[in-house]
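Student: Sending over a structure as structure tokens; questions will come in a sec.
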Amino acid sequence: MPSDGSKFATYAMAIRPGRRFGPVRLGLANGDAVQVSMCCLPAKVPRISCAVRLPPARTATASGTDARTGLPDLNAFLAAAEKSLGTQYGMKLVDIPNLSQICAGLPPARARKFLLQIGAALKALGSAGQLTENAFGVVCDAQDTDCTLASAIEGVAKTCDVDGLSASDGFLSLDDNGLTLEQASLAMRQAIGRFTRGDMPGRHQGSLATVFGRFVGEAIARASSEASTAENDGFELRYEAVADLKTGKTGRYDVLTRLDAAESTAESLRIAREIGLADTFDVVSLAQVLGVLESQSTAHFKLALGICGHTLADPACFALFSGLLKARQHLAPRLLLEVATLPSACDFDKLQMAVGLLRQMGIRVGLNHFAPGVLPIAYLQDLEVDFVKIDGTIVRSSKSGDRHDILLRGLLGICTKLGIETVADNISTREEMVRARDIGIKLGQGSYFGTAVKSVVTGLAA
């Protein structure tokens, strides 16, 4: 189908700050049909973020082969390579920038024979695949250093009487060094991408852990840069005190995301999550929160950040998210994460795994908007959490002895027996604070305890 560039430009010009549009079906220049959703982010100079749903990716199986070399294509090679993650195997890489040019200068039959012999030579070394038109990889025993891919291909070139090849070798250890499967897979794909672009530091050797560490460092830098830009455009954080209802003492703050838009913060974030921007908000917010905790290393306050459950349930997003946390794990005792939106049932097991890994790292995890009639109590059985947040409207609407009161007290009793801390949200009056305290809720937050501040250090009001 023809490209719909002019149609896309028309939609982009028509959308207004704080508004959304789509999804609509558009054609890309390469002929693919995609679904596009747009959101015009509120800003001094409005910026448009788009979420594009590409056609379903081809299943990565051994049936995907390159007709010229007879080698598995990139998807099939990656699928096979992932089975070797965490083992003593390694991945040999080779890039031949002038291969296409040399083949173009050969008679077609001779060029085809040359490429097929390259494929056969690489298959003899291990599980081989074609990464790009001019790059190849082989998964083999990491201890096998006798033959590089470049030397193997140069041997084929000599046999076929082909001159002028310029090859560059690389090697990647597939030992995961403590990375999760998702992190190791992400690191492997990053390393291959870097190698084929020619910008992988240490092309001759590397490990998944070093590649992932470098990737996380770059992601932190990008997120910090994005956070700076977002701040100037109306995306910033506020801090709301969480107080002990018995003593009134404050040592913890809830991190609130604020967007300078006509729509409410909750609505803006809901839109962002609908069109696929949630992971961006979550990563930017996490980078900022970790930066605040790092800058105040001698302070004792804790910060609680709301995270979209879809971010934690998505393997690729969680790989990056947990990598950011791992890089600053010394801050774990001062960080709490609130699961604000739960994923669909089919992804719930992934959320369970993510929550378990976060708690193993020493990070306390909780559920937001938890109350009878809002989230099933069964979630407390399926998710091992450290705290739950109960909306103050539930507390306000219950009267001593009525149905709501009985259900709420029953929930609090379950939480107490399970060692789950309880927090009352949106407390606006002393009466509400007293009511929450008297029925057994430990902590509270809301306008009664003061307005949200710009800085937990200065206490400057928002």
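Student: Can you give the net charge of the other residues whose Cβ lies under 15 Å from the Cβ of G362, counting K and R as +1 and D and E as -1?
Tutor: Values: positive: K302, K326, R328, R334, R359, R364; negative: E384, D386.
Net of charged neighbours comes to +4.
Student: If I stretch the segment between I406 and A327 completely, what's the gain in nm (0.36 nm per residue apart, minus their alpha carbon distance), one decimal?
Tutor: Numbers: separation 79, 0.36 × 79 = 28.44 nm, distance 4.48 nm.
That pair, I406 and A327, stretches by 24.0 nm at full extension.
Student: Could you tell me which of the pairs K7/K83; K83/K326; K249/K326; K302/K417; K92/K326; K246/K326 are separated by over 32 angstrom between their Cα atoms in the structure shown?
Tutor: Working: K7/K83 44 Å; K83/K326 24 Å; K249/K326 30 Å; K302/K417 24 Å; K92/K326 28 Å; K246/K326 35 Å.
With Cα atoms farther than 32 Å apart: K7/K83; K246/K326.
Student: I would also like to ask the following. Using a basic spin-label model with each label point 7 Å from the Cα along Cα→Cβ, how many nm lie between R25 and Q360?
Tutor: 4.5 nm
Student: Given a Förster distance of 56 Å, report the FRET efficiency between I439 and R16 from their Cβ-Cβ distance, rounded to the nearest 0.05.
Tutor: Values: r = 46 Å, r/R0 = 0.81.
Taking R0 as 56 Å, the efficiency between I439 and R16 is 0.80.
Student: Still on this structure, please answer the following. Between A109 and Q35, with labels modelled 7 Å along Cα→Cβ, what's the label distance in nm to one decimal, could you check?
Tutor: Each label point lies 7 Å from its Cα, and together they span 5.1 nm.
Coordinate-derived values only; no laboratory data. Not measured: the values here are computed from a predicted model. Heads up, the Cβs are rebuilt from the backbone with ideal geometry, glycines too, and the neighbour counts pull from every protein chain shown.
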